[in-house]
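S.K.: Here's a structure for you.
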Amino acid sequence: RAAFADAESSRRAVESELSRARAEQDRTRELRGSIPAHLHEARTLLAQAAGLTPTDLPFVGELIEVRTEFEPWRDAFNLALGGFARTLLVDVADLGRFRAAIESVRIAERISYEGVPTGVAESRTADPRTLPGRLDHRSTPFTGWLQQRLRERFEYVCVDSSTELAEHPRALTLAGQVS
């Protein structure tokens, strides 16, 4: 009987763990990019309160991806972009309604958001020597604005060594050091 009780207890523990893993798998099916599940869940609550869908409120990090040939730069780009990649984008036309609707929503996670104009024309001319030129962009109504913002704030020239940092007004090393 003791062996049976131990086996049954183990079975229930494994069953519980499997149930948690399946629930996590279901939650992550709709995630894009490197946005953690807890941020997606917080976004979902905010979107529901505002009468929007989560896809109406993309995180910057969901709209950009390091081009394959520049994959070794991923960690440096993550360091350089910092919290900007975790910024939630809200169509400026929805911003007032969004702010009013989320006022009473309590979430455990701090979410930074920015109202941005949509429909800004996309550009294809970023210099491949720079951080913005080494990214691919998902085509959305926010993409043109995002490309402009990346050029304004993050147009770091990607250099091979810290000795080259002083050669440019803005530069980034593979290790993530910026000047």
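S.K.: From the list 143, 130, 118, exactly one residue is touching a strand residue (DSSP E or B) at 6+ places or on another chain (Cβ under 9 Å), touching a residue at least 60 places away in the same chain (Cβ under 8 Å) and among the polar types (S, T, N, Q). Which is it?
M.R.: Of 143, 130, 118, the one residue that is touching a strand residue (DSSP E or B) at 6+ places or on another chain (Cβ under 9 Å), touching a residue at least 60 places away in the same chain (Cβ under 8 Å) and among the polar types (S, T, N, Q) is 143.
S.K.: Could you count how many residues in the range 102-150 are among the small types (Gly, Ala, Ser) and either modelled with pLDDT of 95 or more or under 20 Å from residue 81 (Cβ atoms) (or both)?
M.R.: Total meeting the criteria: 7.
S.K.: Just for the range 59-69: of the residues that are more than 15 Å from the chain's Cα centre (by Cα) and part of a helix (DSSP H, G or I), which one is surrounded by the fewest Cβ atoms within 10 Å (Cβ to Cβ)?
M.R.: Only one residue fits best here, namely 68.
S.K.: For residues that are buried (at least 19 other Cβ atoms within 10 Å of the Cβ), under 15 Å from the mean Cα position of the chain (by Cα) and in a loop (DSSP other than H, G, I, E, B), tally how many sit in the range 130-145.
M.R.: 1
S.K.: While we're on this one: Output the number of residues of the range 149-179 satisfying the condition of being of a type in the set (A, V, I, L, M), assigned to a helix (DSSP H, G or I) and touching a strand residue (DSSP E or B) at 6+ places or on another chain (Cβ under 8 Å).
M.R.: Matching residues across the range 149-179 total 2.
Rundown of residues vs (1) under 14 Å from residue 43 (Cβ atoms); (2) not in a loop (DSSP other than H, G, I, E, B), yes/no style:
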residue: 71; (1), (2): no, yes
residue: 82; (1), (2): no, yes
residue: 93; (1), (2): no, yes
residue: 96; (1), (2): no, yes
residue: 105; (1), (2): yes, no
residue: 110; (1), (2): yes, no
residue: 128; (1), (2): no, no
residue: 147; (1), (2): no, yes
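S.K.: Filter the range 151-179 down to residues that are in contact (Cβ under 8 Å) with a residue 60 or more places away in the chain and more than 16 Å from residue 72 (Cβ to Cβ) and give me whichever is surrounded by the most Cβ atoms within 10 Å (Cβ to Cβ).
M.R.: 154
S.K.: What are the residues in the range 37-71 that are among the polar types (S, T, N, Q) and closer than 23 Å to residue 132 by Cβ, if any?
M.R.: Scanning the range 37-71 gives a single hit, 68.
S.K.: With over 23 Å from residue 175 (Cβ atoms), aliphatic (A, V, I, L, M) and surrounded by 18 or more Cβ atoms within 10 Å (Cβ to Cβ) as the only criterion, which of 88, 81, 95 stands out?
M.R.: 88
The values are calculated or read from the model by the stated rules, or taken from the named source; none is laboratory data. What you see is a predicted model; the values in this text were computed from it and never measured. Note that each Cβ is placed from the backbone with ideal geometry, even for glycine, and that neighbours are counted across all protein chains shown.
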